[in-house]
Structure formats: structure tokens, C-alpha cells
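Inspection log for the structure reproduced underneath, given as C-alpha cells.
The values are calculated or read from the model by the stated rules, or taken from the named source; none is laboratory data. Predicted model only: the values in this text are computed from it and were never measured. Positions of Cβ are generated from backbone atoms using ideal geometry, with glycine treated the same way; all protein chains shown enter the neighbour counts. SASA here: full protein model, heavy atoms, side chains in, ligands and nucleic acids out. Shrake-Rupley method; radii C 1.70, N 1.55, O 1.52, S 1.80 Å.
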Amino acid sequence: MARLKLYSAIFVVLMALSTTQAVVERTGLVDFDAPETYWTAFGVVLVLSFVKATFVATYYMHLRWEPRSVTYLFLGGLFVALALTTAAAYSIL
Amino acid sequence: MSHGEAGGHEFPPMRSIKRWFVTTNHKDIGILYTITALFFLVLGGVLAMLMRVQLWSPGASVLSAGAYNQAVSAHGLLMVFWFISPFAFGFANYLVPLQIGADDLAFPRLNAMSYWAYLFSGLLFVASFFQGGTFDGGWTMYAPLNLPTYMPNIGGTTVVLALIMFIAAVTMGSVNFLTTMYRMRAEGLRMRDLPMFSMSILLTVWMMLFAFAALLAALMILAAEHLFGVTYFSAEGGTLLWTHLFWFFGHPEVYIVFFPALGIMAECFQTFTGQRIVGRKWFVLAMVLVALQSFVVWMHHMFLTGINLEIKTLFMVTTIGISLPFDLMVFSLIYTMIKGRIRFTTPFLFSLGALVLFIIGGITGVFLGAVVLDYEFRGTYWVVAHFHYVMVGGATGLFAGIYYWFPKMTGRMYDEYLGKVHFALYFVGFNLLYFPLFVAWETPRRVFDYAPGLTSWHQVASVGGFVLGASFLVMFYNLFVSMATGEEVGDNPWEYSTTAEWAVSSPPPLENFPGEPSYAGGTLSFRDEPELTADGSGDGESAGAASTDGGVQTDGATAGGGTGLVGEPGTATPTAAGTGAVHADEEHADHASFWPFVVCFAGFLAFLGVSGIQSGGAYLGLTAVGGVLSAVGFVGLANESFHVPEPTVAEQWPFGGVENMKLGMWTFLASDVVLFGGFIGSYLFLRVANGWIDWHHEFIPEAHVTFPGLVNTYLLLASSFAVVLSLVAAHRDSSRGVVGALSLTWLLGVGFLINKGLEWQHLFHISTEAFPNGWNVGTNVASSTFYLTTGLHGAHVIVGLIMLVYMIPRAWKGAYLDDDSSIEYFGLYWHFVDIVWLFLFPLFYIL
């Protein structure tokens, strides 16, 4: 029962954070003509996505209750993907 | 019980053709891999000889220009993908379970499917020759040469699809090996003590898991360029994007090819010098370091592109850096020879030859790792010579493997004299072929015209090529004849061999060991626990003298400082308990399934059909037949009763408590992260290349708004929560609850797809000043990235929905109340798909 309450609370948080991302866009913070505002909103929106993904992986995918090595396995894939993306994008800056 | 005659599970004997279509046993699959890889060696070799004939004189016309381009490209692709690694994985399949003390791989049917996907992907490649010509853009498949504009033949598309099917095989194999090696090691066998060959395979599959996922992303995008007309590699920055994706895979691929050979060399050096590898711990650490570093050197293949100087300098440093651990390994092998007593058997000669060739290949590669020198050497025969010394040098190590383990696989010894003749011809032919190419380095790569002054060097190389080719006739003759008439060997024909495969009969029994293998006592022993003994007469334990490769364990510690001889001559052999005991699970383990073959044959038909689907007709029919047969195959696979016992006692660090299926799913998802990373990374790269803000102004219609994405986010999050609810219901033994929650998940997933379909329909048909003909997949680079990335995600949703269609009726019958693990595994997949969307939503709808 305790777990169900936890899962339900996380679901509410996930929905709220998603709505927040849309609100950031609707309130004009994602302004393509105002770089400073845009990149701030960019950071906020992506951080919110990372927070949501962490909640899903940690609780819905039960990483919290698995050996830490499973987390490292998943993060290994993420690290590889980020390394490719970051270095490739940097190479043409 | 011999390998061939083993049965009890309606498993056909080795002489039966049927056996080879239904087998899931790792040793059979290993033999199938080995033979198939040798077939592709011959095919690729014949193409190479055609090239060498063409190169006999400058601008010769034995082949037409187009045929030459096809021969060059097909030779490279076939040798790199369909020969070298699969050849190594023939040994890996056969030997890794034996070396770690497992009865089989963790997922035997997946292993069979991996093999069949490999075989049919190769046949798909062969079919491409008959579709107006095969791929002719070089093995690196650079853009824009790989695009339909420059390669309109259907055969070019077929090769792209063949590579996709090949990577499916590789991914299945990687997941299987990682799960097996982490979860099914014999008691007492620590990771650090894995035999050198198994250690090399472990690191290889790690690299394969991630590197091939990046290539898969590149190939799926390329296939979409051919089939759907998306715009990626033809867009601004597109050619550079291909090189990033390709070489992110391509450089680890060098080590993916070489590591198994290194493992074999280490095994052979140990056995034939009677000396444990000097500095074994450091040797292993160096291999781990190379495996990690292999992912941070790829841009040294791109020094001549427009990437900035800072990144070139950084990658020059990392490239020079990766040579250091290799130096350590080379010196370790040399010092092992110095400290041991060498016996120049055929496997040792090939191992030593591989070391010499790799040293030359490595040193000449350092030239290419320096930016300034690379400006001169790139695109010349220096590169061709260098990478053949590395890649074929690696293959040389693999040929050591075939001689080393031939007695184990067949029970008979090869002809040693002919083995040495093979080595002599091979080594002379190899160096005659490739060394002159260093001298004639100014020859432009992939071009059959060259300066007349280089003719004599090319003629020497061509002679060398034919000597090298002829050497294989000796090998095939030797092995073929020896298989029937060679001297029978016992369990272990090699003095000083220490690994577990030599402690069982040759060939090994169907389920490998006469009991539960254990290293807990310091040496390999087989526990015939009374309760596991069929006749109840087991004496409890029998021992062989094989040790872990890390040295004989004493009280849990690794003994032997690497200074003495390993093992005792001729003692690593006892096998059976002598009690007639059988492993209790043996009566229940299944080894035969026809469905992996059916699924992969169907995949072959479907891919062949898709390759020409734009021309309709027969291709459309093939696609339909392949699709239907695939569905039949998967249903057959899902409904088949197939029992795979897990070992009762096993070392499972660091994944203890994570059952095999769950670890397999997590491993697959880690690979899928890189696949999506490749797609998302491509989008980000192209957006940077086209100007991040300009992208929005120039390429995105105003009709592309946030709301549909937000709705889909809500739907997917709710569906994830519904999966969680189904697990809760299963815990509460509520069959109706499970059915209801899974059905809700399905409905929300379908809702997601409907919403996406409506959104796409709307965007397809907008008509504005900027986009008068709608915003379609090929309208611009932004529309291509949007439809393809979200389309890939949608395909994942569809796969999940298909799984649910299978699960919901089973849940109705109460299938998941006693064991809810299937729901959990499905949940892992579904939640992952949800996570991916959590990033697609902001990237494609907000930012």
C-alpha cells in the first residue's frame, strides 16, 4: 500500500512537471529572438526532463531497489550517447 | 556421452541435417558461425583477388570502373562485418560457456536467432549483387556517395538493410554473452580470474553493445533516406554527421575485431610457453583501458574534415594515448616468451605472427594519429596497408584459434606439418601483399589507376595476394581431411593448457560438464550432489586440474605470482565423475527450436522485399510474405515451451539478485539508449550545423505547436503509471486488476498513436506561404528529423502494444499472479519508451 501511494505521488509530480514545461513555453520564455531568455528557458525545460526521467527510472523501473551495478549499466549507455552528441556538436562550433 | 549422440530431448544427432536447423546448443552454434564466417572469407577473398588482378597494371580494364568500386566496397564490408568478428564469435560461442563453467548461454534460442540473423543478413548482401549491382560507396559508406542520388541501384539499399539485420544479430549476441558471463560463472570464478579469451570476449561485447548501436542509428537514417526520402546526410552538415556516427562505431570496431584475437594469442602464449602471461593483472587492466579509450578517439579519422583545430588536437592526444596500453600488452607477450619455454606449434606460430604483424600495424598507425602526417597520408595506400596489418593481423590470431581448438571441437588432431606449411605461405603471402603498399603509399585509395613508377610494387602485392589465398587451400585441406582421419586426441592434447574446456572430453558432452563446476576449492571440480544425481550414487565430487586463468586459488586468494609454470603437464584433463551421474537439469533442458530459423528467414524475405518496395510488384509481395511469416514465427517462439535451467550455484557479481531475463532487458535498454542517442544526437548536430535559432525560423511551420506533444506526454506518463498499477494488482492476486491495468496501458498507448497520427496528418497537409505543399518527411531537415525520430519512438510504442496483445489474454487466465516478473520486464521496456519521450517532447515541441 505504501508503494502505491509513492507511485501515485510520483505520477502527480510527473504530470505537474510536464505541465510546467508547457507553461514555460506558453508564457513566452522560449523566445527565439531573445537569446538570454531562450537559453535560460532551455536549461529549465531540459533539467525538468532529466528530473522526470530520473523519477521514472528510479521508482517505476525500480532502480532504487536494484543493485547499483544496474544503474551504472544504464548510465553507461547514457554517457556514451552524451559523449557522442557533445563532442560531435562541439567539433563544428 | 558424445556431443553428437547426446539426446533425450528429441534432439537430432549431429549427422542429421535437421539438427543444424533446430539446434540452440552453444557448441553447435559456434560451429555454424565458424563455417559461415569461412564462407564469407572465401567470398571476400575472391573479390580481393579480382582487385589485385585489376591492379596488376595502372588503369587496367579487367573490371569495369563500376564493378571495381563494387568489388572494393563489398570486399571491405564482407571481411569486416561478415568474416572477422563472426569468426571470432564462432570460438566465443563454443568456448566461453565451457571456460566459465556454464551449460550453455543464458538465452539459447536468442543465440540461435543471432546466428540465423547473421547468416541471412549475409545472404541478403549476396542477393544485392543481383539487384542491379551492390553497394559501391566504399566500406566506410561516406555521404553523399551513400545516398540514392549517387547509388540508385536497389542493391545499394539492400546492403544497408543487410547491415541493419547484421546489427540485430550482434545486439542479440551482446546481450546474451553479457548476461551469461555476469550471471552463470562457476562457483569461485571471479570476474578478474576469467580466462584470457573469455576476458577478451567480455570486453568485446561491451564495445559491441554500444558501438554498433551508433552504427545502427546511422544505418536506419540512411535506409530512411533511400526508402522515404528523408533529408539528413544531404543536408547542411550531413556528410560530417555520417562520419561522426560511422567512426564512433568504426574505431571501437578495430578493437572489436582485434580483442578476441588478442585473447587467443594470450591463451596460446600461455599454453605453448608453459608460462602464465607476465603481468596478467596489468595486461587485463590495459585491455579495459583500451576498451574505454576506444570511444574517445574516433575523430582521428576526420582530421581532413572541417572539424575545429581544438578537437583535432584533443583527439590526436587521445589517439597517441591509446597506443600506451597496447605497448604494455605487447611487452607482456614478449616477456612471456622470454620467461617460458616455447614450442613452435602451428597455433603458436600464428599467434607470434599476429603479434609481429600487429606491431607493424600499430606503429604505422601512429603516423595517422598525428594531424600533420595524416594530412599527407589520408586517402592513400598507407592507410590501406596500415589497417590490413591491424585487421588481418587480428585475423591471424583467429587462425591460431582454429588450430588451437580444432582438437577440442572435433576430437582429432590436425596435421602439424601442413599447419606449418599454411603458416609459412600465409606469413610470406601476407607480407608480400601488404608491405609493398607502404612503399607504394602514394597510390590513391579505392582507385585502380596509379603512377606507372609504382607498377612493380603493385605486381609484388598481387603475387602476394595469390600466395596468401593459396595458403587457405592448405588450411581447408588440412582441416577437412583431419576431421575424418586425424589422430584421435584425448581431452587435452596440449601440455600446460589450464582452462576448463580442456577438462572435458573432445568434443565436449552436450551439456558440457559431468556435474556442477566449481572453483571454490582452488581448482576446477565437478560437484555431483546426491540430490542432483539421477541414480543417487554420486560420490559428491570429482576433480580436474584446470585452474582459473588468474592462477590457482587458495583459500579464496589468487596464488601464483606469474613466475612459474602454470598447471602440471597433462593433468588438466580428467572429466567424468565416473559414477554415471547426470546433471539433474539435463533431463529438462531443451536444445531444439525451429522458430529462430523461421523468424530470421522471414526477416530475410521482408528486408529483401523492403529494399525494392518503391518499385512494387514482387517486392511488395515479398514484404507481405516476410511480414506474415515473421508474425507466425514470433507467435511460435512465444508459445513454445522451452526450458533453460539456471545453475543452482553460480558467481554473479556484480549482478547478484538480478535474474537473467531482467539483466538481459536492462542490457538491451542500455544499447537502445545509444540508438536513440544517435537519433537525438543527429538532430542536435544538424540543428547546430544549420544554426540553432535559424532552424526554428526557417524550417518549422507555425502549425507545429506544443499541445499535441503535451497531450502525448500525459498519455504516456499515465500508461506508465498503469503498468505500475498492474504490478501492484499482481502482488494483490487480483487477476481483474492486472487485466484492467494492462488494458488501460494498451488503450493509452493506442491513444498516443492516434494523437500522433492526427498531428502528422495535420502537418502533412498544411498550406502556408513557407510550406505550400505541406510539411512532409522530405520537406526539409527539420521535418526529417522530427518525423524520423518520433517515428522510431512510435515504432517502439507499437512493439510494446504488440507485447500487450500477447500478455492481456494470458493475464485473463491468471498467468501473472504467481510470477509477475513478465509484467516487470515489460514495464522496464515501456517505462524506457516513456523516458525517451520525456526528452523528445521538449526537444521537438518546445525548444
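Key figures for this structure:
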| quantity | calculated |
| --- | --- |
| Whole-number D in µm²/s for chain A (Stokes-Einstein; Kirkwood sum over Cα pairs; 10 °C, 1.306 mPa s) | 102 µm²/s |
| Computed lengthening from B:SER64 to B:VAL632, 0.36 nm per intervening residue step minus Cα-Cα distance | 200.1 nm |
| Net lengthening on full extension, B:GLU487/B:GLU10 (0.36 nm per residue, minus Cα-Cα) | 168.6 nm |
| Residue among B:TRP812, B:PRO701, B:TRP760 farthest towards the positive dipole end of the protein assembly as shown, charges placed on Cβ | B:PRO701 |
| Cβ-derived FRET efficiency at R0 45 Å, B:ALA424 paired with B:ALA451, nearest 0.05 | 0.85 |
| Percent accessible area from carbon and sulfur atoms, the protein assembly as shown, protein chains only, probe 1.4 Å | 68 percent |
| FRET efficiency estimate (nearest 0.05) - Cβ-Cβ, B:ALA520 to A:ALA9, R0 41 angstrom | 0.35 |
| Mean ellipticity per residue at 222 nm, deg cm²/dmol - from DSSP H runs of n ≥ 4 across chain B, formula -39500 (n - 2.57) | -22000 deg cm²/dmol |
| For B:GLU651, residues with placed amide H under 5 Å, excluding near neighbours | B:ARG185, B:ALA186, B:GLU187, B:GLY188, B:LEU189 |
| Chain B, relative contact order in percent, only Cα pairs under 8 angstrom and at least six apart counted | 15 percent |
| Compactness of chain B - radius of gyration and Dmax, Cα, Å | 27.6, 87 |
| Accessible surface, the protein assembly as shown, averaged per residue in Å² (probe 1.4 Å) | 35 Å² |
| Label-point gap, in nm, between B:GLU640 and B:ILE754 - each point 7 angstrom along Cα→Cβ | 3.7 nm |
| Whole-angstrom gap from the range B:784-818 to the range B:591-662, using each part's C-alpha centre | 16 Å |
| Pairwise label distance in nanometres, B:LYS281 with B:PHE594, each label 7 Å out on the Cα-Cβ vector | 5.5 nm |
| Separation of the B:VAL625 and B:VAL288 label points, Cα + 7 Å toward Cβ, nm | 5.2 nm |
| In Hz, Karplus ³J(HN,Hα) per residue of the range B:334-341 (6.51, -1.76, 1.60; θ = phi - 60°; x = Gly, Pro) | 5, 5, 4, 5, 5, 7, x, 10 |
| Extended-chain gain in nm, criterion 0.36 nm per residue less alpha-carbon gap, B:ASP694 and B:ALA795 | 33.4 nm |
| Distance-filtered residues of the range B:724-768 - backbone nitrogen under 12 Å, label point 7 angstrom along A:PHE32 Cα→Cβ | none |
| Centroid-to-centroid separation of the range B:229-261 and the range B:382-458 [C-alpha atoms, Å] | 26 Å |
| Prolate/oblate/rounded label for the range B:690-847 (Cα gyration tensor, a/c 1.5) | prolate |
| Sites B:LEU473 and A:THR19, calculated FRET efficiency, Cβ-Cβ separation with R0 51 Å, nearest 0.05 | 0.10 |
| Overall form of the protein assembly as shown per C-alpha gyration tensor (a/c, 1.5; a/b vs b/c) | oblate |
| Amide H contacts of B:THR380 (H built 1.01 Å from N, under 5 Å, at least 5 apart or other chain) | B:ARG445 |
| Hz values of 3J(HN,Hα) by residue in the range B:757-772 - Karplus curve (6.51, -1.76, 1.60), Gly and Pro given as x | x, 5, 4, 4, 4, 4, 5, 4, 10, 5, 9, 10, 4, 6, 10, x |
| Accessible surface buried upon A-B contact (total; probe 1.4 Å; Å², nearest 100) | 5000 Å² |
| Centre separation in Å (Cα based) which lies between the range A:56-90 and the range B:475-503 | 45 Å |
| Using θ = phi - 60° and Karplus 6.51 cos²θ - 1.76 cosθ + 1.60, couplings along the range B:687-695 (whole Hz; Gly, Pro as x) | 5, 4, 5, 9, x, 4, 7, 4, 3 |
| Delta accessible area of at least 40 Å² on complex formation, residues of the range B:818-844, 1.4 Å probe, chain isolated as reference | B:HIS831, B:ILE835, B:LEU838, B:PHE839 |
